[in-house]
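Only one structure is covered here, and it is reproduced in the block below.
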Amino acid sequence: MNAVTPALPAPIGLLAELTHRCPLRCPYCSNPLELDRRSAELDTATWQRVLTEAAGLGVLHVHLSGGEPTARQDIVDITRTCAELGLYSNLITSGVAGALDKLDALYEVGLDHVQLSVQAVEAANAERIGGLKNAQPQKFAFAERVTALGLPLTLNAVIHRGNIAEVPALIDLAVRLGAKRLEVAHTQYYGWAYVNRAALMPAKADVDRSIRTVEEARERLKGQLVIDLVVPDYYAKYPKACAGGWGRRLMNVTPTGKVLPCHAAETIPGLDFWYVQDRSLSEIWAESPAFRAYRGTEWMQEPCRSCDRREKDWGGCRCQALALAGDAKATDPACSLSPLHGKVQALAIAESALETAPDYQYRTIGGAPRVALPEGAPA
Ligand code: SF4
Ligand code: FES
């Protein structure tokens, strides 16, 4: 079955957040502030059943993610199941701790692709951002083994005030490590990044320089390296189609089996999320109130409702609209047509101009940080 109904195409991707456990503590992590504990994680058989349902539903890609997915003892079994079902598997990993020890076995059972995070090029800076000493040599050894096995490698670098000067060096690093693709992904401010926004917000001039650097490198490295660029929302003219549009392309299954339309959806109060323990993936995709809440364009208010971009960006990000406008149905304030856009840009400029960036509030299991949230944060 490739579609739930003719009017509702199947999702193309499943983000399987296998665990929230992670050796790194990145201050921009997109996981929720309240991280799931190991004792509440889905077991192997349930994940295998979910993957079987995903394949039946028409999903093509499975992103094995976390946290750090190789922290799961059963990561090889889960990856083998993806291969047996014909699902393209992408391991989203930090490449540290036990990741390298499991890599050959993952390759042997049919892993298709590796996406490795890099926090910076300069080791001390990278390890400060990720909150883990000795991470950098482990990452480089991991990358070397990925390419030695002939697996396609993508490097993912989340860009912010603390590493934006390293964008040219990150491009050189991707070439040196034999990556086929580099994601220069300016921070998206939800999850832990929202808490750390004042520490992470780069200056507009630095953002513009990083974009020019990427554009120049794309020309220079044509045929060798593909560079994806995610521009920072707060300085954008139009928002991105978050998650490809709500309930249109992606399903996100959390470590405890909750199925979300995007990774920050739990921040929106009043949404009813269904669990894989209770319903099939196909039923959740078609009927879950959370997926139906902002699917399509019916829910939109002005200016989105009558905008000719409404089926391009689907009104931007619902979670960001809630965080910044206090209303998940509002136009994403990243959009220049939002009445709040000027305020959001002014906020970004003020934060990026702070002489000294605040300390990071590192991601940690065991509860949200005991700090005041920045202005505009939901209570
Ligand atoms: Fe997109 Fe809405 Fe802005 Fe139009 S008004 S560009 S639909 S966010
Ligand atoms: Fe939820 Fe963008 S993160 S819609």
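The values are calculated or read from the model by the stated rules, or taken from the named source; none is laboratory data. Nothing here was measured: the structure is a model prediction, and the numbers come from that model. Quick reminder, even Gly has a Cβ in these numbers, built from the backbone with ideal geometry, and neighbours come from all protein chains shown.
Can you go through V259, V226 and tell me which one is within 17 Å of the chain's Cα centre (by Cα) and not charged (D, E, K, R)?
Every option except V259 fails the conditions.
Residue-level check: of (1) surrounded by 20 or more Cβ atoms within 10 Å (Cβ to Cβ); (2) closer than 29 Å to V175 by Cβ, A97 misses just (1). When each of Q277, Q301 is tested for being more than 14 Å from ligand 1 (Cβ to nearest atom), at pLDDT 95 or above and of a type outside the set (V, I, T), the lone residue that passes is Q277.
Pairs linking a residue in the stretch 319-339 that is under 13 Å from A236 (Cβ atoms) and buried (at least 22 other Cβ atoms within 10 Å of the Cβ) to a residue that is modelled with pLDDT under 95 and among the acidic types (D, E), with Cβ atoms under 7 Å and 6 or more positions apart or on different chains, are Q320/D233; A334/D233. Residues in the stretch 285-298 that are buried (at least 16 other Cβ atoms within 10 Å of the Cβ), at negative phi and within 16 Å of ligand 1 (Cβ to nearest atom): Y294, R295. Those strands (runs of 3 or more DSSP E) of the stretch 1-68 in which 1 or more residues are within 20 Å of L111 (Cβ to Cβ) and among the small types (G, A, S) occupy 13-17, 61-65. The one condition from (1) of a type in the set (S, T, Y); (2) within 16 Å of ligand 2 (Cβ to nearest atom); (3) surrounded by 18 or more Cβ atoms within 10 Å (Cβ to Cβ) that Y238 does not meet is (3). Residues that are of a type in the set (A, V, I, L, M) and touching a Phe, Trp or Tyr at 6+ places or on another chain (Cβ under 9 Å) were ranked within the stretch 41-62; the one that is nearest to R21 (Cα to Cα) is V62.
Across the stretch 18-40, the qualifying residues are those that are in contact with a Phe, Trp or Tyr (Cβ under 8 Å, 6 or more places away or on another chain) and under 20 Å from Y189 (Cβ atoms), and the one among them that is nearest to ligand 2 (Cβ to nearest atom) is S30.
Could you tell me whether the stretch 267-284 includes any residue that is surrounded by fewer than 22 Cβ atoms within 10 Å (Cβ to Cβ), in contact (Cβ under 8 Å) with a residue 40 or more places away in the chain, within 22 Å of Y189 (Cβ to Cβ) and touching an Asp or Glu at 6+ places or on another chain (Cβ under 9 Å)? No, the stretch 267-284 contains no residue that is surrounded by fewer than 22 Cβ atoms within 10 Å (Cβ to Cβ), in contact (Cβ under 8 Å) with a residue 40 or more places away in the chain, within 22 Å of Y189 (Cβ to Cβ) and touching an Asp or Glu at 6+ places or on another chain (Cβ under 9 Å).
Being within 16 Å of ligand 2 (Cβ to nearest atom), surrounded by 21 or more Cβ atoms within 10 Å (Cβ to Cβ) and either closer than 21 Å to E122 by Cβ or among the small types (G, A, S) (or both) is not true of V184. Say whether the condition of being buried (at least 16 other Cβ atoms within 10 Å of the Cβ) and in contact with a His (Cβ under 9 Å, 6 or more places away or on another chain) is met by at least one residue in the stretch 42-57. Within the stretch 42-57 (the criterion being buried (at least 16 other Cβ atoms within 10 Å of the Cβ) and in contact with a His (Cβ under 9 Å, 6 or more places away or on another chain)), the answer is no, since none of the residues qualifies. Residues that are closer than 27 Å to M201 by Cα and in a loop (DSSP other than H, G, I, E, B) within the stretch 255-268 comprise P261, C262, H263, A264, I268, listed in sequence order. Looking at the stretch 144-254, none of the helices (runs of 4 or more DSSP H) lying wholly inside it contains 3 or more residues that are in contact with a helix residue (DSSP H, G or I) (Cβ under 6 Å, 6 or more places away or on another chain) and free of Cβ contacts under 8 Å to residues at least 40 places away in the same chain. Flag: A135 does not match the condition of being in contact with a strand residue (DSSP E or B) (Cβ under 9 Å, 6 or more places away or on another chain), modelled with pLDDT of 95 or more, buried (at least 17 other Cβ atoms within 10 Å of the Cβ) and hydrophobic (A, V, I, L, M, F, W, C).
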